[in-house]
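The next block holds one structure in the form of structure tokens; read it before the comments.
The values are calculated or read from the model by the stated rules, or taken from the named source; none is laboratory data. Model, not experiment: these values are computed from the prediction. Counting neighbours? That spans all protein chains shown, and the Cβs are built from the backbone with ideal geometry, glycine included.
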Amino acid sequence: MSRVSLIALCLALGFVVLVNVNCMKCGDKIARKAVESAVEKASGGKAKIDVGGNVDLSALPAFLRYPGALAKARWAMSREGTTGTVYTFETADPVSSVVNFYKQALSGWKNASTMESGDATILVYGTEDEKQTTTVTVAQDKDSGKTSLTLLYTKKD
């Protein structure tokens with residue numbers, strides 16, 4: 001398994017554990033630290049979780065920030081020259097608007113995959129040199145009527 005795949009897997013699994021340990025709205029500092037510690041131990045890398053009002057977007061390129069979306073959480077991990085970060089956002093815009101934004105924003109990157117089913121779309125893009133990749137998942141939240149956006153961004157040094 002490649003380092004990028006390992007980081008993506010750890011981020012995804014850690015994010016699921018965090019959601020199951022403690023809901024995102026009431027994320028407890030102890031639960032976040034426990035998950036960070038478990039991921040660091042399993043991967044040999046560093047992990048950092050931000051939930052709520054102070055989500056750090058500084059490592060996310062500006063062109064990947066959906067205008068007006070509310071950042072809900074950030075889950076980052078780094079290991080041996082590769083950093084992977086999962087960002088979650090919420091917007092009132094329809095799924096189609098968000099998907100069209102990312103298709104245009106990533107038009108200079110290579111499209112590795114596009115999957116659509118029902119109210120969800122997953123876009124996978126990478127740079128030609130394979131040093132940056134992003135997976136964008138856009139879905140309609142049927143309960144709130146809002147659009148949820150999850151963005152996995154990885155970067156190799």
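Some notes on this structure:
- Restricting region 41-73 to residues that are outside any loop (DSSP other than H, G, I, E, B) and modelled with pLDDT of 90 or more, the residue that is farthest from SER97 (Cα to Cα): LYS72
- Among the residues making up region 113-131, those that are surrounded by 12 or more Cβ atoms within 10 Å (Cβ to Cβ) and among the aliphatic types (A, V, I, L, M) are ALA120, ILE122, LEU123, VAL124.
- Hey, THR137 within 27 Å of SER78 (Cβ to Cβ), part of a strand (DSSP E or B) and touching a residue at least 40 places away in the same chain (Cβ under 8 Å) or not: no
- Which numbered condition ASP93 misses (of (1) farther than 17 Å from PRO67 by Cβ; (2) modelled with pLDDT of 95 or more; (3) of a type outside the set (A, V, I, L, M, F, W, C)): (1)
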